[in-house]
1. May I ask you to derive the relative contact order of the range 203-294, considering only C-alpha pairs under 8 Å and at least 6 residues apart, and to give it as an integer percent?
2. By what distance, in whole Å, do the Cα atoms of the range 278-344 stretch along each of the three principal axes, largest value first?
3. Give me the Kirkwood hydrodynamic radius of the range 44-343 in Å, from all C-alpha pairs, to one decimal place?
4. With the dipole of the range 34-145 worked out from charges on the C-beta (+1 for Lys and Arg, -1 for Asp and Glu) around the Cα centre, which of Ile45, Gln117, Thr91 lies farthest toward the positive end?
5. For the pair Thr72 and Glu43, what calculated FRET efficiency results from E = 1/(1 + (r/R0)^6), where r is the Cβ-Cβ distance and R0 = 25 Å, to the nearest 0.05?
6. Find which of Asn196, Pro215, Ile127 sits farthest along the positive direction of the dipole of the range 44-343, computed with +1 on the beta-carbon of Lys and Arg, -1 on that of Asp and Glu, about the Cα centre.
7. Positive end of the dipole of the chain, charges at C-beta (+1 Lys, Arg; -1 Asp, Glu), about the Cα centre: which of Met319, Met300, Met178 has its Cα farthest in that direction?
8. Rounded to the nearest 20 debye, what is the charge dipole size of the range 60-124 about its Cα centre when +1 sits on each Lys and Arg Cβ and -1 on each Asp and Glu Cβ?
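Just so you know, all these numbers are worked out from the coordinates, no wet-lab data involved. Note that the coordinates shown come from a computational prediction; the quantities given were computed from them, not determined experimentally. Backbone-built Cβ (ideal geometry, glycine too); neighbour counts: all protein chains shown.
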Amino acid sequence: MIRSSLKLLLVLAICTNISCKEETHVPPTWGVEEPDKGGEKNENIVKLGWTNIEKTFGDLPGHIAVYKSPATLQNKQAIAYIAVADMSKATFDILGDIAYDETAKGYGSKTVNTLTQFYTKTQKPIIINAGLFYYANAFYFSQNLVVKNGVMLSPNQNYFSKDWVTMWYPTLGAFSQMQDNSFKTSWTYFTSAGMNYSYNKPAENDASKTPLAVPTATFPETATVLNAKTAIGGVGVLLKNGEVKNTYVQEMLDVSSTSNQPRTAIGITADKKMVLFVCEGRNVTPGVAGLTTLDVANVMKALGCVEALNLDGGGSSGMLVNGKETIKPSGGSERAVLTAVSLQ
């Protein structure tokens, strides 16, 4: 009896010290965002005719929403999707194994991935295709800037020629998250001395005119060394400081800018929301030819973007939401690409 009483007192003492209560098996909440209890987060986008369809693709973090376009954009039949992320909470990353290869004497990789393969590896909720590339001598050469964790893994292509006799040295577009977490588009040039310069205006090159001088620290204007945390290059800059630029002529890489094509773009709004854009094209859906880069610039501006960059398009264009395709790939199936942009 005494032994039982002591046992009961010991149990009561322990319960008093640890506030004993019925076990509820509540799962841990670290790294889990509270459900969004508010209404539509991007009313301005909905008012333009875009439809919030995120539930079509399963649950997303509360700081990311996905929308489908109205039936027409820029007076053209359209099928397009955007992912919109609050960058005070979201993380922007570049996917792809990019490095300088001594054997190939260039930047890139021996492997490429479809967006689905990128998703399988990373489980990122939003993935789109990113920079341009080409294949030669068993190597995939990057034509565009890649910066991850403050390290430049590949510069923008810094030359153009039609005959390898006459050479141009264009400044190509880039979209960067800076070290202070601000975002900007700019035109960049990677010098022979290894400096990656950033400019607020492009070198005004034109393939129908005499080549301009090689860019420097003072041409086409006073440059800064690009000090980005994360960055991706493309062709060309669509928006700068809220103004439509569409500098495909000056950037010189052929992305069929004036024809209707599938397109991919990235932008940032004045209130720091990232917009990832893809549109279908080439009549994979009958009547949906795609958009020009000027069309995309105007769409991104209407969505509230103040900075925006055109990425690789055509058969590379695609967006996955929780691993599910949005647009139909123009080639009938996903194209393997060198790099992708992700949001989480």
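1. Working: 117 pairs, mean separation 20.0, N = 92.
With pairs under 8 Å counted, the relative contact order is 22 percent.
2. So the three principal-axis extents are 33, 32, 20 Å.
3. On the way: mean 1/r = 0.0526 Å⁻¹.
About 19.0 Å for the range 44-343.
4. Ile45
5. Numbers: r = 21 Å, r/R0 = 0.83.
Computed FRET efficiency for Glu43 and Thr72 comes out at 0.75.
6. Ile127
7. My answer, from the dipole projection, is Met319.
8. Working: 7 positive and 5 negative charges, 53 e Å.
Rounded to the nearest 20 debye, it is 260 debye.
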